[in-house]
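Heads up: the structure comes next, in structure tokens.
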Amino acid sequence: MVFILALLFPVFGFAQNYSSATLYDLKSNRQKTLFTLNIDLAAQADGVQTQTEFRDAEGKVVVSEKGLIKGAEVLSYEIDRKQTDEKGRFQVRDGRIYFEYEGPGGKKKSADEKLSGFVLSTPNFNAFVEKSWGDLAAGKPLDVRFAVWDRLETVGFTLQKVGEKDVAGVKWMELRMKPTSFIIAAIVDPIHLWYSQADKKLQVMKGRVAPKIQKDGKWKDLDAEIVYTYDQKSVSK
């Protein structure tokens, strides 16, 4: 089973939401657009429901995701990667996380594990960063477990501040998310994220993303640069 983090990092926290993003070829200096991303939010009685869609240059949906978060915690997540005819989901309940995977041809697998540490996924990533902002800004490394849908397990990562820079007069904080396992680190490069310190919003991410790209007739994992665009929509506390 191919390892993929499916990291798109939408800002699904409260009062810091965006409506779209653009995925660029990592080496193109933002000259080559690969995919676009759209996001919808809906307040639910038990939390905030998230819905995302990646589209290719022709406007076709290639990956869709749905999640449910409560505060900084993720309760459930679903992904449909139409490119490879794969689907995955997980639920967090009663101190465990339950995974399900469906591959091409309808082949299904499942697994579960006991929760150990804080579980991160696409929907709750930025809510966790906001919650942990003080520790991260102070340079404290935070160990987390990222739920990897196609591996049917959580994987350890360390999230830590690695720098700062000024962009058009606004100070950004750079975070790095690095696998704790040497095996995983050998196949997935660290992910880098830049947040505006003024409003704690994610501005840019460079690293592994959910869509794949076709090369030599095969679907390959993709590292890309994602640039986020914000609107005025928000979900109140």
(message) Suppose we filter the stretch 36-93 for residues that are outside any strand (DSSP E or B), in contact (Cβ under 8 Å) with a residue 24 or more places away in the chain and open to solvent by 80 Å² or more (accessible area, probe 1.4 Å); how many remain?
(response) 1
(request) Those residues that are touching a strand residue (DSSP E or B) at 6+ places or on another chain (Cβ under 6 Å), at pLDDT below 95 and within 15 Å of LEU193 (Cβ to Cβ), I need them from the stretch 1-25; list them, please. (result) LEU5, LEU7, PHE9, PRO10, VAL11, PHE12, TYR18, ALA21
(message) ARG81 - would you say it is at pLDDT 95 or above, on the phi > 0 side of the Ramachandran plot and among the basic types (Lys, Arg)?
(response) no
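Output the residues belonging to the stretch 178-216 that are basic (Lys, Arg), assigned to a loop (DSSP other than H, G, I, E, B) and at pLDDT 95 or above.
Residue satisfying the conditions is LYS212 alone.
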(request) Within the stretch 154-177, identify whether any single residue is touching an Asp or Glu at 6+ places or on another chain (Cβ under 9 Å), among the hydrophobic types (A, V, I, L, M, F, W, C) and part of a loop (DSSP other than H, G, I, E, B), and answer yes or no. (result) no
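For (1) modelled with pLDDT under 95; (2) assigned to a loop (DSSP other than H, G, I, E, B), each residue gets a yes or a no:
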{"residue": "TYR101", "(1), (2)": "no, no"}
{"residue": "LYS109", "(1), (2)": "no, no"}
{"residue": "ASP112", "(1), (2)": "no, no"}
{"residue": "GLY117", "(1), (2)": "yes, yes"}
{"residue": "PRO123", "(1), (2)": "yes, yes"}
{"residue": "VAL129", "(1), (2)": "no, no"}
{"residue": "LEU136", "(1), (2)": "no, no"}
{"residue": "LYS140", "(1), (2)": "no, yes"}
{"residue": "VAL144", "(1), (2)": "no, no"}
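The values are calculated or read from the model by the stated rules, or taken from the named source; none is laboratory data. Just so we're clear, the structure is a prediction, and the values are computed from it rather than from any experiment. Quick reminder, even Gly has a Cβ in these numbers, built from the backbone with ideal geometry, and neighbours come from all protein chains shown. We work out accessible area using only protein heavy atoms, side chains counted, and drop any ligands, DNA or RNA first. Shrake-Rupley method; radii C 1.70, N 1.55, O 1.52, S 1.80 Å.
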